[in-house]
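Worksheet for the structure shown next.
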Amino acid sequence: MPITPVTCPLDCPDACGVLVESNARGEFVALRGNPAHGYSRGVLCVKTALYGEMLQAEKRLRTPLVRRGTKRGGELVEATWDEALARIVERITPLKPQGQRILELSYAGSMGRVQRFFPLRMLNALGATVTDGGLCDNSTTAGYECVLGEVYGADLEQLDDCDLVVLWGCDMVRTVQHLQPAVQRLAKRGVPVIAIDIYRTDTIAALERWGGRGLIVKPGSDAALALALTRLAYERGYADRGFLAEKCHGFEEFERHVRSAHDLAWASTVTGLEANAIAALADALGRARTPLIKTGVGFGRRRVGAMSMRAVCSLAAVLGKADRVHYESFACFTLANEVIPRPDLRPLGARKDVIKHVQLGRELDSGRFGAVFVWGHNPAVTCPEAALVRRGLARDDVFVVVHEQFLTDTAQLADVVLPATMFPEHTDLYRSYGHRRLQLARKACNAPVGPAGGGPRSNVDTFAAIAKALGLPRETWDVTSEQLVADLVRASASTFDARQLAALERGEAVKLDAPHATGYGTPSGKSELGSAAAAKLGQPAVATHVVDDAGGTRGRFWLVCAPSVHTHNSTFAHSARHVHRVGVHHVHVHPEDARELDLASGERAVLSNQLGSLTFSVELTDDMPRGSVRIDGLPLAADVPEGVGINALVSAEVSDLGDSNTLYSTRVDIRRA
């Protein structure tokens, strides 16, 4: 039976290699890990390992749906592709002269460079408004780039020489699973491995078994810890004076700033750590020659997220270890990305309006949009102020088109739902943002056939069909996925040598090197410990501890919306096995906090702030520090009595830099239901 190498498309740094087996009729048979993939090495996470169940799921969409009647009283009924396209043409044609009233609404349901971004070609041709994509890591990216420049990161395939590992705001066990074997080997070899987080994560628990340890800090105090560690580096002779003088801009100003405050007593109060624990960490960092400082995006999803990253990166630069930081690695891939969305196709004179993705609910509620196209995204669940998002999508004067694999919370609010292919069913080009490998994944099997010969279509085929029906330029519809991948590879020819290009064409996961040294991409071309660019944006020129204002939310407890160990995104909510593994959604509470609130395990409790109220079952755990409560994953509307997910409690106020999501800057109260 044919076996095709492909890449897992999920929004995950690991971008694992997958082998898909099909039969002679082109039907999906099975999938497994690809042992030839240099990073994932044949291992799949428990989520992707069961992705075959998604491909063959009974509830998978196989035919278009068109709404009859209003969103409040009407229903979605099966239709042909021609009927669905005709409805779209009917509603979009009157809006074409006012293209800015059409909104693009997409995200990372597929990380493929073609399927994810090709629909923008049609939206550009319409002159539509676009989102800035600030739902995940914009703040941490902005903070990293402010200090260290373009995001290359250390090579995660070359860790055997590490003499220290610091996992800072990175729950490796749940979010970077293929890093675990290397970290476990190092820990068992006696290399110090330390995780810094705001509760006892699965990663901290694993490190405790392997001989490592965890440091639990108060929420929002990461910059304070980094600045205290930097002061100790200066005081104890760990600062790399040669690196500072040659490779850093603003180092004298930064040293004066750090030495003027940030002592151990202050840091202990702000972070909640014992002074001797901070000092021990400073010594470990200062003595290490080849550390790995692996950051996640957890501390970045705060009002002070970029500042926290700036402080961590500044610490690394002072130690002369800027190249030993790994946040992400996407800048290793110098692809000609604009070949796919073609911004040059925007109508002459059409302005390009960009809205803050985080504030989608407010934008929809304003009434400025007459139509929305959604793909690779479930905004009714994943966007802040979710109740407002749902209300905006439910407006009858907003025509909503959703391209989806299942009837998600967002699809249920649509006027037209179009069935989408899954990753083995189309061709695409994938790059990781965690490691340095790029893979051309060819179509491995056919999509299921729908009624009357219809069935799911890829993003490329779907939006090409819509563009053609709307009479848009030929470049928006006379294309195939294979042609677009070839166009992108050809336009990016300077990225590859002949050997790499040949391997890419064979479907291998090709490893690329960082094209420049740390500091490339900053205004000075050096690591910037003092940043005039940040100052122009209203931020301190040097990394500074700033108190998290919680985005205006109020309550006794910090809300921690942690990644789920069982599911990755809402796609898996349609797998019976995944749903069974998740079980009932709980709010995790420290026993002493529960005692004071008269809450018992298994009872129902209400989480609330001025944005809303949600009810969950209580689970008591010492893993949570006092003053914080935790929800794992993103419960769907059907999982909560109030009919809306956890983002209903999250403010749409943005981060300090990058206009990013501030999910963890949320305060709530909790009481018995």
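When +1 charges are put on Lys and Arg Cβ atoms and -1 charges on Asp and Glu Cβ atoms, the dipole computed for the chain relative to its Cα centre reaches about 400 debye. Spacing of the modelled spin labels on Q158 and K536, each 7 Å from Cα toward Cβ, amounts to 3.4 nm. For the residue pairs K218/K356; K468/K511; K47/K294, the alpha carbons lie more than 26 Å apart in K218/K356; K468/K511. What you get for segment 123-206, charging only the Cβ of Lys and Arg (+1) and of Asp and Glu (-1), is a dipole of about 400 debye around the Cα centre. Between helix 275-287 and the chain, what is the angle of the helix's C-alpha long axis to the longest principal axis, kept within 0 to 90° and rounded to the nearest 10? Approximately 80 degrees, to the nearest ten. Counting only alpha carbon atoms, the long axis of helix 222-235 and the longest principal axis of the chain meet at about 40°. Each residue, T615 and A493, gets one label point 7 Å from its Cα in the Cβ direction; the gap between the two is 6.5 nm. Of Y144, T93, T175, which is farthest along the charge dipole of the chain in the positive direction, counting Lys and Arg as +1 and Asp and Glu as -1 at C-beta? Value computed over the given set: T93.
Once the Cα atoms are used to define both axes, helix 305-318 deviates from the longest principal axis of the chain by about 50 degrees. Counted residue by residue at 0.36 nm each, then reduced by the alpha carbon distance between them, the extension gain from A265 to R672 reaches 142.7 nm. Centroid-to-centroid, using Cα positions, segment 160-204 and segment 640-662 are 29 Å apart. Of all lysines in the structure, the ones whose alpha carbon falls short of 21 Å from that of K247, not counting any fewer than 8 places away in one chain, are K321, K526.
Positive-end ranking of A502, A464, Q412 along the dipole of segment 395-525, with charges on Cβ about the Cα centre, is headed by A502. Specify the inter-centroid distance of segment 13-52 and segment 520-560, based on alpha-carbon positions, in whole Å. Taking the Cα centre of each part, segment 13-52 and segment 520-560 sit 40 Å apart. For the chain, the per residue solvent-accessible surface stands at 37 Å², with DNA, RNA and ligands left out and a 1.4 Å probe. The share of accessible area on segment 1-41 that comes from carbon and sulfur is 55 percent, using a 1.4 angstrom probe.
With the simple model of a label 7 Å out from the Cα in the direction of the Cβ, V547 to E27 spans 6.5 nm. A simple packing score, the average count of other Cβ atoms within 10 Å per residue, orders the peptides 648-656, 342-350, 539-547 as 648-656, 539-547, 342-350, with the highest score first.
Helical content of the chain, expressed as a calculated mean residue ellipticity at 222 nm, amounts to -8000 deg cm²/dmol (DSSP H runs of 4 or more residues, -39,500 (n - 2.57) each, divided by residue number, nearest 500). The aspartates and glutamates whose alpha-carbon is closer than 20 Å to the alpha-carbon of K352, local same-chain residues fewer than 8 away aside, are E104, D132, E338, D344, E363, E475, D659. Which distance in Å, rounded to a whole number, links the C-alpha centroids of segment 392-411 and segment 70-87? Between the Cα centre of segment 392-411 and that of segment 70-87, the gap is 11 Å.
The values are calculated or read from the model by the stated rules, or taken from the named source; none is laboratory data. Everything numeric in this text was worked out from a predicted model, so none of it was measured. So basically every Cβ, Gly included, is an ideal-geometry build from the backbone, and we count neighbours across all protein chains shown. Just the protein is used for accessible areas: all its heavy atoms, side chains included, with ligands, DNA and RNA removed. Shrake-Rupley method; radii C 1.70, N 1.55, O 1.52, S 1.80 Å.
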